[in-house]
Amino acid sequence: MSQTLADAAERTLATYMQTFLGLIAATQATDLVNLSTWQSATVYALPAALAALKSALGAVLGHWGTGSGLPKKADPANGTR
C-alpha cells in the first residue's frame with residue numbers, strides 16, 4: 001500500500017472513531033441525541049468522508065506522498081523545521 005493511501009486511511013479511520021466515540025458520549029451524557037444504529041453509522045461516516053476528501057486534496061496540493069495539506073517545509077512529519 002502506498003504511503004499516501006495508508007496516510008489517508010489512517011486519517012479517515014481516526015476521524016470515524018473520534019466521531020463514533022463523541023456521539024456515544026453525547027448519547028450517554030444527554031438525551032439530546034437519539035439515533036438508530038443505521039442513522040448513527042451514517043452520521044459517523046460523514047466526517048470520515050470529509051477527512052478522506054481532505055487527505056486526497058492534501059496529497060495533490062500539499063506535501064506529496066502524504067495526506068497533509070501543508071507544504072513540505074511546514075509539515076512537521078517532514079522532520080525538518
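Read-outs: derived from the displayed coordinates by stated rules, not from any lab. The structure displayed is predicted, hence computed values, not measured ones. No Cβ is skipped: glycine too gets one built from the backbone with ideal geometry, and neighbour counts run over all protein chains shown.
Between the amide H of SER68 and those of HIS63, distances stay under 5 Å, these residues lying 5 or more places away or on another chain, with hydrogens modeled in the peptide plane. Working from label points 7 Å from Cα in the Cα-to-Cβ sense, the VAL43 to ALA9 distance is 2.9 nm.
Note that segment 43-57 has calculated 3J(HN,Hα) couplings of 4, 4, 6, 4, x, 5, 5, 5, 5, 5, 5, 4, 5, 5, 5 Hz, one per residue in order, obtained from phi through the Karplus relation 6.51 cos²θ - 1.76 cosθ + 1.60 (θ = phi - 60°); glycine and proline are x. A simple spin-label model places the labels of VAL60 and ALA29 3.7 nm from each other, with each point 7 Å out along Cα-to-Cβ.
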